[in-house]
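Reading through the structure tokens given below for one structure.
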Amino acid sequence: MSVIKDLMRAKPAKSEYRRNLPHIQVEGKPIFVTFATRKRWVLPGSLRDIVLRHCLHDHRIKLYMHGIVVMPDHVHMVFTPLTDSLGNVFGLAEIMNGIKGSLAHSINKELKRKGHVWEKEYFDRILRKEESVTEKVEYICMNPVRKGIVKSPDEYPWLWREWVEGKKVIKR
């Protein structure tokens, strides 16, 4: 895995950029991100499996994933961007464009269709120093419970936590 990381080079990351929403990144700080399907289209379960795998693809390469929840029409993630072998931070735009772009391609291929899968924008926020990464991940993992989909987060197949599912082998 370290050989892959050594070959990966981060594109120059801006500490702040703006589309419709401002996006701010601080080196070494965990980020909470939410992105939604286009027009809140509901993803079938088989596609949620693909989303979860894609979100974990660059775990320990471009980002350190702390937790993910793939809801029917949106995704929550908490991760910390990593650095390349030269010490350059992988930027939020590079990470998110990679995830959303490859996901859109895979989903469209699976459905034999073309077109948008995700809304252009995503919401992101740097976790404050008093915020616990574990508590934030546990909060997002309660989303399917709050929506009445399951009674416990452990029943929901489309979530991943570094200290639970992360202890298992990641299949690529």
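The values are calculated or read from the model by the stated rules, or taken from the named source; none is laboratory data. Since the structure is predicted, the reported quantities are computational estimates derived from the model, not experimental observations. So basically every Cβ, Gly included, is an ideal-geometry build from the backbone, and we count neighbours across all protein chains shown.
Which of the numbered conditions does GLY98 fail, given that it passes all the others? Conditions: (1) in contact with a Phe, Trp or Tyr (Cβ under 8 Å, 6 or more places away or on another chain); (2) part of a helix (DSSP H, G or I); (3) under 20 Å from GLY28 (Cα atoms).
With respect to (1) in contact with a Phe, Trp or Tyr (Cβ under 8 Å, 6 or more places away or on another chain); (2) part of a helix (DSSP H, G or I); (3) under 20 Å from GLY28 (Cα atoms), GLY98 is out only on (1).
I'm checking my understanding of the structure. Among residues of the stretch 125-138 that are acidic (Asp, Glu) and at pLDDT below 95, which one is nearest to the chain's Cα centre (by Cα)? Talk me through it step by step, then tell me what you get.
Start the filter on the stretch 125-138 by keeping residues that are acidic (Asp, Glu), which leaves 130-131, 135, 138.
Checking the rest, the ones that are also at pLDDT below 95 come to 130-131.
On the way: GLU130: 22, GLU131: 19 Å.
Checked the stretch 125-138; the qualifying residue nearest to the chain's Cα centre (by Cα) is GLU131.
Which one is modelled with the lowest pLDDT among residues in the stretch 139-171 that are over 16 Å from PHE32 (Cβ atoms) and β-branched (Val, Ile, Thr)?
If we take residues in the stretch 139-171 being over 16 Å from PHE32 (Cβ atoms) and β-branched (Val, Ile, Thr), then ILE170 is modelled with the lowest pLDDT.
Considering only the stretch 77-92, I want to know if a residue exists there that is in a helix (DSSP H, G or I), out of contact with any helix residue (DSSP H, G or I) (no Cβ under 7 Å at 6 or more places or on another chain), under 30 Å from GLU155 (Cβ atoms) and at pLDDT 95 or above.
Filtering the stretch 77-92 for residues in a helix (DSSP H, G or I) gives 92.
Those left that are additionally out of contact with any helix residue (DSSP H, G or I) (no Cβ under 7 Å at 6 or more places or on another chain): 92.
Imposing the further condition that a residue be under 30 Å from GLU155 (Cβ atoms) reduces the set to none.
Looking for residues that are in a helix (DSSP H, G or I), out of contact with any helix residue (DSSP H, G or I) (no Cβ under 7 Å at 6 or more places or on another chain), under 30 Å from GLU155 (Cβ atoms) and at pLDDT 95 or above, one finds none in the stretch 77-92, hence no.
Among (1) at pLDDT 95 or above; (2) closer than 13 Å to PHE32 by Cβ; (3) of a type in the set (Phe, Trp, Tyr); (4) surrounded by 18 or more Cβ atoms within 10 Å (Cβ to Cβ), there is one condition TYR122 misses while meeting the rest; what is its number?
Here TYR122 clears every test but (1).
Can you tell me which residue within the stretch 125-172, out of those that are aliphatic (A, V, I, L, M) and part of a loop (DSSP other than H, G, I, E, B), is surrounded by the most Cβ atoms within 10 Å (Cβ to Cβ)?
Only one residue fits best here, namely LEU127.
From the set of residues in the stretch 34-49 that are touching an Asp or Glu at 6+ places or on another chain (Cβ under 9 Å) and part of a helix (DSSP H, G or I), which is surrounded by the most Cβ atoms within 10 Å (Cβ to Cβ)?
For the stretch 34-49, the residue satisfying everything is LEU47.
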